[in-house]
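This report concerns only the one structure given below.
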Amino acid sequence: PAPTPLWVSRSLDNMQNDAGQIVDVYIPRKCSATNRLLTAKDHASVQINIGELDENGVYTGTYTTFALSGYIRHHQRGDSSLNRLSAEAGCMKAIDSFPPQHKFKDED
């Protein structure tokens, strides 16, 4: 019988690198707003890194990562979702905390 190729004999449950650490072949991402899996065919999905600043406004070298699915972006919820997620993560103040800039005629 022919020898079994190395890629067939490896188990996907036990993928290890040369250092002996267990690694996965593919780690799927999830949408930060909806917790849906981002599939390989979701070409409209984006991943955004928001840098953290110190009290002087200088980038500290760390960032918070958010992934948004194409579904959220298609339904025009990307901006509001990113604002909500950023406020929850402490990257910015909540949008609701700012005073309204304009008043319409029917508002007092």
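The values are calculated or read from the model by the stated rules, or taken from the named source; none is laboratory data. Just so it is clear, the model here is predicted, and its values are computed rather than measured. All Cβ positions, even for glycine, are placed from backbone atoms using ideal geometry, and neighbour counts span all protein chains on display. Only protein heavy atoms, including side chains, enter the accessible area calculation; ligands, DNA and RNA are left aside. Shrake-Rupley method; radii C 1.70, N 1.55, O 1.52, S 1.80 Å.
Could you check how many residues of segment 65-107 are hydroxyl-bearing (S, T, Y) and farther than 18 Å from L38 by Cα? Steps first, answer last, please.
Going residue by residue through segment 65-107, those that are hydroxyl-bearing (S, T, Y) are 65, 69, 71, 80-81, 86, 97.
If we keep only those that are farther than 18 Å from L38 by Cα as well, we get 80, 86, 97.
So the answer is 3.
Could you check segment 14-52 and list, in sequence order, the residues that are part of a loop (DSSP other than H, G, I, E, B), open to solvent by 100 Å² or more (accessible area, probe 1.4 Å) and within 22 Å of R77 (Cβ to Cβ)?
The answer is N35, R36, K41, H43.
Against the condition open to solvent by 60 Å² or more (accessible area, probe 1.4 Å) and either aliphatic (A, V, I, L, M) or in contact with a Leu (Cβ under 7 Å, 6 or more places away or on another chain) (or both), how does Y63 come out, does it pass?
Criteria not met by Y63.
Among all residue pairs at least 6 apart or on different chains, which show Cβ distances below 7 Å where the first residue, located in segment 18-43, is within 30 Å of S80 (Cβ to Cβ) and the second is modelled with pLDDT under 85 and of a type outside the set (K, R)?
Note: pairs meeting the criteria are L37/P28; L38/P28.
Inspect segment 71-89 for any residue being modelled with pLDDT of 85 or more, of a type in the set (A, V, I, L, M), surrounded by 14 or more Cβ atoms within 10 Å (Cβ to Cβ) and assigned to a strand (DSSP E or B) and give the result as yes or no.
Within segment 71-89, none of the residues are modelled with pLDDT of 85 or more, of a type in the set (A, V, I, L, M), surrounded by 14 or more Cβ atoms within 10 Å (Cβ to Cβ) and assigned to a strand (DSSP E or B).
So A67 passes all but one of these: (1) in contact (Cβ under 8 Å) with a residue 40 or more places away in the chain; (2) in a strand (DSSP E or B). Which condition number does it fail?
Of the numbered conditions (1) in contact (Cβ under 8 Å) with a residue 40 or more places away in the chain; (2) in a strand (DSSP E or B), the odd one out for A67 is (1).
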